[in-house]
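Take a look at the structure set out below.
The values are calculated or read from the model by the stated rules, or taken from the named source; none is laboratory data. Computed from a predicted model, the values in this text were never measured in an experiment. Glycine gets a Cβ as well: all are built from the backbone with ideal geometry, and neighbour counts include every protein chain shown.
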Amino acid sequence: MAIKFCPRCRSMMVLAKEGGRAFWRCPKCGYTEEVDSGNAKLVEKTTLSKKDDKPIVLAKTGEEALPKVRKTCPKCGNDEAYFWVQQTRAADEPPTRFYKCTKCGHVWREYE
């Protein structure tokens, strides 16, 4: 990618697009210069927002597809629960294990 500096104030210029035309613009002093169409590409940047990290609570229809394990429910004492794994923290950290009681439906999580 080409870098261009403003001839007036020596700040780094940015590519901008207006009315179908591309040009270099200095964010500091406002100097503009037409882009030589053979030498530059305009790259548009999109910022993605962080997705919601709330735990997923499954409806009655989806529970049959989940595996069951022997895990004691902290709410009712039942010894069987559905479980699933979800990455809730940074990628270099272990995933979080979620459990849902087969009897009362209580959901809890366990970190590794």
Only unsatisfied item for residue 54, checking (1) at pLDDT 80 or above; (2) not in a strand (DSSP E or B), is (1)
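Just to be sure before I move on: is residue 7 exposed (fewer than 13 other Cβ atoms within 10 Å of the Cβ), in contact with an Asp or Glu (Cβ under 9 Å, 6 or more places away or on another chain) and modelled with pLDDT of 80 or more in the structure I sent?
On the way: exposed (fewer than 13 other Cβ atoms within 10 Å of the Cβ): yes; in contact with an Asp or Glu (Cβ under 9 Å, 6 or more places away or on another chain): yes; modelled with pLDDT of 80 or more: yes.
Yes; evaluated as a whole, the condition is true for this residue.
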